[in-house]
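Structure record follows, encoded as structure tokens.
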Amino acid sequence: MTPFSFRLLRKDPATKARLGLMKTAHGLVQTPAFMPVGTQGTVKGLLPETVRGLGAQMILANTYHLYLRPGHRLIEDMGGLHRFMNWPGPILTDSGGFQVHSLAGLRKISEEGVLFQSHIDGSRHVLTPEKAVEIQESLGSDIMMCFDECTPYPADHDYARKSMERTLRWAKRCRDARKTGRGALFGIIQGGMYPDLREKSVEETVKTGFDGYALGGLSVGETKEDMLRVVEIAEPLLPDDRPRYVMGVGMPEDILACVTRGIDLFDCVLPTRTARNGMLFTNSGKLVIRHAQYRNDEGPVDGDCDCYTCRHYSRAYLRHLFMAGEILALVLNTIHNVRYYMRFMETLRAAIRSGEMAGFQEDFKKKRGNGDRVHDREPL
RNA sequence: GGAGGGGUUCCCGAGUGGCCAAAGGGAGCAGACUGUAAAUCUGCCGGCGCAGCCUACGGAGGUUCGAAUCCUCCCCCCUCCA
């Protein structure tokens with residue numbers, strides 16, 4: 001009854017990269033795909049039609065934040081999140097599991113759920129698996145995420161195991177809590193950096209049965225090596241016919257590395273947040289627009305880029321706007337970065353379609369120095 | 001002409017005998033950012049041969065063991081009176 005399906009269209013002959021098509025209640029998503037993050041019901045700084053125009057197929061919104069403000073009931077009364085925010089396309093909602101991690105100082109975990117103290121006004125709220133599903137259904141989410149605990153890093157084996165097992169129990173509760181059947185539901189695999197825990201988490205989560213599977217608890221401070229190791233452990237155990245989503249990843253090279261390891265879906269605040277902080281992605285690495293060297297640079301941010309910002313504005317002007325604290329700087333930077341990511345994903349899909357993923361990977365490595373197993377904090 | 005206030009490191013501005021290369025802003029220069037408590041956060045911000053030295057608080061001189069801080073003269077700015 002869920003208007004959700006995933007079709008695997010093609011597998012790359014040389015790598016594990018997959019080309020797929022996801023069908024949701026609000027439209028199609030070609031995978032591998034990257035979702036810009038719109039936590040509070042907006043991709044910060046951009047009009048929805050701009051987001052769409054940049055090539056975004058699906059965006060991510062957040063259960064915890066929208067529950068606190070303005071409240072999921074209000075959004076439901078206003079016709080659901082799609083209508084409320086004027087985004088007609090697919091929306092995936094994160095469950096609040098990440099806030100268990102990012103707001104660690106403001107919450108308390110129990111078997112029942114998580115007691116949060118609002119970062120907005122200090123009021124207390126309990127998020128349970130059932131509540132998280134209820135909120136997401138009420139928002140009208142196309143893909144809901146199970147309520148989990150994004151395991152901190154580092155975590156010892158004992159903690160990671162307990163956390164993972166609890167997430168497993170919560171996953172079952174989430175599955176059983178669905179009422180409308182309109183949104184798809186993805187399970188989330190945890191287990192820290194421990195192979196045995198990750199394996200168990202995948203097996204049990206798959207056994208529970210979801211429309212798609214996500215790897216959580218990554219890009220929380222671990223090394224790239226650890227991150228990819230976890231992907232390599234989990235991926236072979238995941239069913240071929242369901243989308244695989246690595247949550248919170250990441251830098252373009254991380255996405256590439258995950259795609260060649262069989263991952264279909266990504267989200268990350270990096271393109272939008274760093275844009276607002278003055279960092280721009282380019283084919284030759286990162287560009288910090290406030291740097292003095294761009295003071296009178298007439299060139300575009302990235303000569304290879306087809307975005308509105310690169311077609312119309314010089315680095316000098318963008319630097320000026322940023323240094324002057326102008327809102328337009330944030331908008332233009334965000335347009336560029338989101339377009340950079342979207343085009344990157346388009347290129348990846350094209351490479352898989354034509355069976356040239358391996359070659360693409362090589363070119364990317366050459367261009368970046370070492371595109372795959374990069375060190376931490378490598379420039380792009 | 002008279003009375004008062006003031007001149008501090010790129011800018012604003014605190015400091016009124018030693019704890020002062022001098023608070024705090026700003027500007028500037030870098031770094032970070034990975035299921036967004038983020039248009040945020042962090043660092044640097046006189047020079048050098050750098051556990052020390054040199055140059056610096058309008059200028060010149062003086063008092064003092066020691067002066068951005070006290071005294072004298074000079075220059076400049078502001079306010080009020082004539």
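Within the range A:282-324, the set of residues being charged (D, E, K, R) and within 14 Å of A:Arg339 (Cα to Cα) comprises A:Asp302, A:Asp304, A:Asp306, A:Arg311.
A:Ser123 meets all of the listed conditions (1) more than 30 Å from A:Lys23 (Cβ to Cβ); (2) touching a residue at least 40 places away in the same chain (Cβ under 8 Å) but one, namely (2). Pick from the range A:131-166 the residues that are polar (S, T, N, Q) and in contact with a strand residue (DSSP E or B) (Cβ under 9 Å, 6 or more places away or on another chain): which of them is surrounded by the fewest Cβ atoms within 10 Å (Cβ to Cβ)? Step by step, filter the range A:131-166, then rank; the result is A:Ser163. If you go through the range A:274-331 and keep only what is hydroxyl-bearing (Ser, Thr, Tyr) and either in contact with a helix residue (DSSP H, G or I) (Cβ under 6 Å, 6 or more places away or on another chain) or surrounded by 16 or more Cβ atoms within 10 Å (Cβ to Cβ) (or both), you end up with A:Thr274, A:Thr282, A:Tyr294, A:Tyr308, A:Thr309, A:Tyr313, A:Ser314, A:Tyr317.
Within the range A:129-146, identify whether any single residue is outside any helix (DSSP H, G or I), within 22 Å of A:Lys172 (Cβ to Cβ), away from RNA strand B (no atom under 13 Å from the Cβ) and hydrophobic (A, V, I, L, M, F, W, C), and answer yes or no. Within the range A:129-146, none of the residues are outside any helix (DSSP H, G or I), within 22 Å of A:Lys172 (Cβ to Cβ), away from RNA strand B (no atom under 13 Å from the Cβ) and hydrophobic (A, V, I, L, M, F, W, C).
A:His336 meets the stated requirement of being touching a residue at least 60 places away in the same chain (Cβ under 8 Å) and either part of a helix (DSSP H, G or I) or more than 30 Å from A:Lys16 (Cα to Cα) (or both).
Reported count of residues in the range A:280-303, each being within 9 Å of RNA strand B (Cβ to nearest atom) and either part of a loop (DSSP other than H, G, I, E, B) or without any contact (Cβ under 8 Å) to a residue 24 or more places away in the chain (or both), is 6. Among the residues of the range A:174-186, those identified as assigned to a helix (DSSP H, G or I) and either touching an Asp or Glu at 6+ places or on another chain (Cβ under 6 Å) or free of Cβ contacts under 8 Å to residues at least 24 places away in the same chain (or both) are A:Asp176, A:Ala177.
For A:Arg83, the test of being closer than 15 Å to A:Ser138 by Cβ and within 16 Å of RNA strand B (Cβ to nearest atom) is failed.
For the range A:198-274, the strands (runs of 3 or more DSSP E) that sit wholly inside it and include 3 or more residues that are farther than 29 Å from A:Leu330 by Cα and within 15 Å of RNA strand B (Cβ to nearest atom) are A:212-215.
Residue-by-condition table, conditions (1) more than 20 Å from the chain's Cα centre (by Cα); (2) under 16 Å from A:Asp94 (Cα atoms); (3) of a type in the set (Ser, Thr, Tyr):
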| site | (1), (2), (3) |
| --- | --- |
| A:Ser163 | yes, no, yes |
| A:Arg169 | yes, no, no |
| A:Gln190 | no, yes, no |
| A:Glu204 | yes, no, no |
| A:Gly209 | yes, no, no |
| A:Tyr213 | no, yes, yes |
| A:Thr223 | no, no, yes |
| A:Asp240 | yes, no, no |
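For the subset of the range A:307-346 comprising residues that are more than 14 Å from A:Arg276 (Cα to Cα) and of a type in the set (A, V, I, L, M, F, W, C), which member is nearest to RNA strand B (Cβ to nearest atom)? Within the range A:307-346, the match that is nearest to RNA strand B (Cβ to nearest atom) is A:Ala316. Consider the range A:111-128 and keep the residues that are in contact with a helix residue (DSSP H, G or I) (Cβ under 7 Å, 6 or more places away or on another chain) and among the aliphatic types (A, V, I, L, M). The one that is nearest to RNA strand B (Cβ to nearest atom) is A:Ile120. Just one residue in the set A:Arg295, A:Arg244 is modelled with pLDDT of 95 or more, at negative phi and out of contact with any Gly (no Cβ under 6 Å at 6 or more places or on another chain); that residue is A:Arg244. Can you name every residue in the range A:97-110 that is in a loop (DSSP other than H, G, I, E, B) and more than 8 Å from RNA strand B (Cβ to nearest atom)? The one that is in a loop (DSSP other than H, G, I, E, B) and more than 8 Å from RNA strand B (Cβ to nearest atom): A:Ser110. Against the condition modelled with pLDDT under 95 and either under 11 Å from A:Tyr64 (Cα atoms) or not acidic (Asp, Glu) (or both), how does A:Ala132 come out, does it pass? No: the conditions fail for A:Ala132.
In the set (1) touching a Gly at 6+ places or on another chain (Cβ under 7 Å); (2) surrounded by 21 or more Cβ atoms within 10 Å (Cβ to Cβ), A:Ser219 fails one condition alone, (2). If you filter the range A:202-239 down to residues that are basic (Lys, Arg) and touching a helix residue (DSSP H, G or I) at 6+ places or on another chain (Cβ under 9 Å), you find that the one that is farthest from A:Ser5 (Cα to Cα) is A:Lys224.
Quick one: is A:Leu115 within 25 Å of the chain's Cα centre (by Cα) and farther than 12 Å from A:Tyr64 by Cβ? Considered against the rule, which asks whether it is within 25 Å of the chain's Cα centre (by Cα) and farther than 12 Å from A:Tyr64 by Cβ, A:Leu115 comes out as yes.
The values are calculated or read from the model by the stated rules, or taken from the named source; none is laboratory data. Quantities reported herein were computed from a predicted structural model and do not represent experimental measurements. Positions of Cβ are backbone-derived with ideal geometry, glycine not excepted, and every protein chain shown enters the neighbour counts.
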